[in-house]
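Heads up: the structure comes next, in structure tokens.
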Amino acid sequence: MTDGFLEIQRLGMSFRDNKGHLEVLRDVSFSLGQEEFLCVLGPSGSGKSTLLRLIAGLLKPSEGQINFFGCECQPRVGLVFQYANLMPWRTVRQNIALPLELQQVPAPEIEKRVDAMIELVGLTEFSHSWPSELSGGMAQRVAIARAFIQEPDLLLLDEPFGALDALTRERMGAELLNIWQGQRIPVVMVTHSISEALLLSDRVLVFTRRPGQITQDVAVNFPRPRMEELRYSAAFQQMERSLRDSLRETVN
């Protein structure tokens with residue numbers, strides 16, 4: 001693993017509402033390397049999305065610490081959710097350009113970087129299309145491009161392909177790997193797909209059901225770059241079965 005980027009120590013998160021006290025995360029500790037791709041698996045409601053929001057600084061933990069090495073303040077974070085959340089009044093190009101506009105990047109530099117990113121995600125012929133004219137997979141490509149173009153220090157992905165059909169989901173996984181391979185920033189991705197986690201990540205964390213705790217921290221040592229064919233190898237399928245058994249244990 002490369003030098004450390006993030007360390008989480010004994011993280012806990014609870015919410016209070018009119019029904020009382022709800023503990024979502026308990027005693028969660030792990031680290032993340034500078035170029036590491038980490039996937040988080042676990043039952044629905046186990047606090048995985050809450051974990052991402054805590055890392056992003058959108059929530060304050062009830063217990064524990066989140067430390068970023070080499071950063072005096074909160075790092076620049078790219079967030080991609082299950083739904084693309086594109087602005088319907090902005091074209092593909094304008095949606096991707098938005099983070100750079102907010103950073104007040106000069107217009108010529110915006111044009112150059114948007115051109116490169118649109119080409120990278122394969123949307124050149126749709127650059128002036130409106131979100132309503134895109135398929136779900138295309139819209140999610142725009143969302144990923146918008147997250148990457150700001151050159152974030154950290155990318156957080158919350159089930160980004162969950163709303164897509166199986167074949168589109170596989171293609172999007174390959175797209176994500178292609179983009180990440182070029183930038184190699186640290187990633188934490190929540191997914192419910194074991195196969196997707198093994199194809200994309202360097203490590204997989206397995207969460208228990210709520211309150212979420214880490215029950216396994218599994219290294220994924222398949223060589224990179226990875227291709228779809230890896231899914232059909234004996235070693236991949238054996239690891240997939242092992243993780244599935246682990247997940248079954250968390251819900252029993």
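The values are calculated or read from the model by the stated rules, or taken from the named source; none is laboratory data. Given the structure is predicted, the values throughout are model-derived calculations rather than measurements. All Cβ positions, glycine included, derive from the backbone under ideal geometry; neighbour counts span all protein chains shown.
If only one of Asp158, Asp153 is at pLDDT 85 or above, of a type in the set (D, E, K, R), buried (at least 16 other Cβ atoms within 10 Å of the Cβ) and in contact with a Leu (Cβ under 8 Å, 6 or more places away or on another chain), which one is it? Spell out the reasoning first.
Numbers: Asp153 fails: in contact with a Leu (Cβ under 8 Å, 6 or more places away or on another chain).
Being at pLDDT 85 or above, of a type in the set (D, E, K, R), buried (at least 16 other Cβ atoms within 10 Å of the Cβ) and in contact with a Leu (Cβ under 8 Å, 6 or more places away or on another chain) holds for just one of Asp158, Asp153, which is Asp158.
Conditions tested, residue by residue: (1) over 25 Å from Asp217 (Cβ atoms); (2) aromatic (Phe, Trp, Tyr); (3) surrounded by 15 or more Cβ atoms within 10 Å (Cβ to Cβ).
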residue: Phe15; (1), (2), (3): yes, yes, no
residue: Gly20; (1), (2), (3): yes, no, no
residue: Arg26; (1), (2), (3): no, no, yes
residue: Cys39; (1), (2), (3): no, no, yes
residue: Gly45; (1), (2), (3): no, no, no
residue: Ile66; (1), (2), (3): no, no, yes
residue: Met87; (1), (2), (3): yes, no, no
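So is Lys112 without any contact (Cβ under 8 Å) to a residue 40 or more places away in the chain and more than 22 Å from the chain's Cα centre (by Cα) or not? Considered against the rule, which asks whether it is without any contact (Cβ under 8 Å) to a residue 40 or more places away in the chain and more than 22 Å from the chain's Cα centre (by Cα), Lys112 comes out as yes. If you check Met189 against the conditions, is it modelled with pLDDT of 90 or more and closer than 30 Å to Glu23 by Cβ? For Met189, the condition - modelled with pLDDT of 90 or more and closer than 30 Å to Glu23 by Cβ - is met. Ala107 meets the conditions (1) of a type outside the set (Lys, Arg); (2) modelled with pLDDT of 90 or more; (3) within 23 Å of Ala145 (Cα to Cα); (4) touching a Leu at 6+ places or on another chain (Cβ under 9 Å) in every case but one. The failed one is (4).
For Thr168, the conditions (1) surrounded by fewer than 19 Cβ atoms within 10 Å (Cβ to Cβ); (2) modelled with pLDDT of 90 or more all hold with the exception of (2). Taking every residue in region 162-176 that is part of a helix (DSSP H, G or I) and pairing it with any residue that is modelled with pLDDT of 80 or more and among the polar types (S, T, N, Q), at least 6 positions away or on another chain, the pairs with Cβ-Cβ distances below 7 Å are Met172/Gln140. Quick one: in region 1-45, of everything that is at pLDDT below 90 and of a type in the set (Ser, Thr, Tyr), which residue is nearest to Ile185 (Cα to Cα)? Checking each candidate, the answer is Thr2.
Looking at Gly137, Gly182, just one residue is surrounded by fewer than 18 Cβ atoms within 10 Å (Cβ to Cβ), more than 14 Å from the chain's Cα centre (by Cα) and either of a type outside the set (A, V, I, L, M, F, W, C) or farther than 26 Å from Pro88 by Cα (or both), and that residue is Gly182.
May I ask you to say which residue of Leu11, Leu51, Leu98 is free of Cβ contacts under 8 Å to residues at least 60 places away in the same chain, surrounded by 15 or more Cβ atoms within 10 Å (Cβ to Cβ) and either in a strand (DSSP E or B) or in contact with a strand residue (DSSP E or B) (Cβ under 9 Å, 6 or more places away or on another chain) (or both)?
On the way: Leu51 fails: free of Cβ contacts under 8 Å to residues at least 60 places away in the same chain; Leu98 fails: either in a strand (DSSP E or B) or in contact with a strand residue (DSSP E or B) (Cβ under 9 Å, 6 or more places away or on another chain) (or both).
None of the others qualify; the one that does is Leu11.
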